[in-house]
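Student: Here's a structure for you.
The values are calculated or read from the model by the stated rules, or taken from the named source; none is laboratory data. Note that this is a predicted model, so its numbers are computed, not measured. Don't worry about glycine lacking a Cβ; one is built from the backbone with ideal geometry, like all the others, and counts go over all protein chains shown. Only protein heavy atoms, including side chains, enter the accessible area calculation; ligands, DNA and RNA are left aside. Shrake-Rupley method; radii C 1.70, N 1.55, O 1.52, S 1.80 Å.
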Amino acid sequence: MANGNDDTVSFLRKCNLRIKVFAPQTEADITRCFELVNRTNQLNMSGRRYTRNEFDALLSKIGQTSIAFSCRDDFGSYGIVGFMQYRKDNCELCFTEFAMSCRVAGKYVESALFTHVLNDTCCEKGTLTVHKTKKNVLLRKTFESIGFAVEQANAETVKYDVTLPLMHSDLVRCTD
């Protein structure tokens, strides 16, 4: 099994994966983020479905930072593949929303993204709570496989601590 993982990592390294992290500002960017949060099931932290008005209010929430991220590699662009929202409390981030397209699942994009955001905000730690759904098992397994630590778990939620380093965060280069 380790050989298969080594082969995957070797292949991904050759792909030259890059993500661009940015604030969604254009109508097209906001609409794509809205679609991701509402349509993504397997890689969705909250499982919440928003109306467009609710999502616009989420983006305007004071004290919260909303980011989108797009991805590309040497073979082409994946477009906008994710949305994240967080707030900063002293030197710790509290991630309140995260959704990512399955197009980039298994490519360690989330590892690079969380590493980038923690470093960019000068935070040593982050926390997030995944609201369990029947379909987001992949997200929970992914988070745990890249180094998120389970702090608490019950039938409805899993609370994670996020500290660096995260596994294979160097496979994907982040640009602003």
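Student: Hey, if we sort His116, His131 by accessible area with the 1.4 Å probe, largest down, what's the order?
Tutor: Details: His116 35, His131 85 Å².
These residues rank, largest area first, as His131, His116.
Student: While we're here: How many percent of Cα pairs in the chain exceed 23 Å?
Tutor: Details: 5790 of 15400 pairs.
Pairs farther apart than 23 Å: 38 percent.
Student: Pick out which of Ile62, Ile80, Ile30 has the largest mean-square fluctuation in a Gaussian network model of the chain, springs linking Cα atoms closer than 10 Å.
Tutor: Maximum fluctuation in the GNM of the chain, among the listed residues, is at Ile62.
Student: Also: Return one whole number: the accessible area per residue of the chain in Å², for a 1.4 Å probe.
Tutor: Values: 8970 Å² over 176 residues.
With all protein chains present, the chain gives 51 Å² per residue.
Student: Just list whichever of Lys20/Lys61; Lys14/Lys88; Lys20/Lys141; Lys61/Lys132 have alpha carbons separated by over 31 Å in the model shown.
Tutor: Details: Lys20/Lys61 23 Å; Lys14/Lys88 35 Å; Lys20/Lys141 24 Å; Lys61/Lys132 24 Å.
Over 31 Å apart, Cα to Cα: Lys14/Lys88.
Student: Expected output is a single nm value to one decimal: the length gained when fully extending between Asp74 and Arg49, i.e. 0.36 nm times separation in residues minus the C-alpha distance. What is it?
Tutor: Stretched out fully, the Asp74 to Arg49 stretch lengthens by 5.6 nm.
Student: Under 20 Å from a label point 7 Å along Cα→Cβ of Glu124: give me every residue in the range 156-176 with its amide N that close.
Tutor: Answer for this model: 160-167.
Student: Here is a follow-up. Please give, to one decimal in nm, the separation of the simple spin-label points placed at His131 and Ala57, each 7 Å out from Cα toward the Cβ.
Tutor: 1.4
Student: Could you give the Stokes-Einstein D for the range 1-86 in µm² per second, using the C-alpha Kirkwood radius, 4 °C, 1.567 mPa s?
Tutor: On the way: Rh = 14.6 Å.
In µm²/s, the coefficient rounds to 89.
Student: Let me have the relative contact order for the chain, percent, based on Cα pairs under 8 Å that are six or more residues apart.
Tutor: On the way: 322 pairs, mean separation 46.0, N = 176.
26 percent.
Student: Can you pull the percent of Cα pairs in the range 54-111 with separation above 19 Å? The partial results should precede the final answer.
Tutor: Values: 636 of 1653 pairs.
Beyond 19 Å sits 38 percent of the P(r) for the range 54-111.
Student: Using only helices, what value at 222 nm comes out for the chain when you add -39,500 (n - 2.57) per DSSP H run of length 4 or more and divide by the total residues, to the nearest 500 deg cm²/dmol? All intermediate terms of the calculation are to be shown ahead of the outcome.
Tutor: On the way: 5 runs with 57 residues, N = 176.
Value at 222 nm, helices only: -10000 deg cm²/dmol.
Student: Another question about this same structure. Share of the range 1-61's accessible area from carbon and sulfur, percent, 1.4 Å? Display every interim value, and only then the final one.
Tutor: Values: 1780 of 3580 Å².
Taking all protein chains in place, the range 1-61 shows 50 percent carbon and sulfur surface.
Student: Just grab the label-to-label distance for Asp7 and Arg87, each label 7 Å out from Cα along the Cβ direction, in nm (one decimal).
Tutor: 4.7
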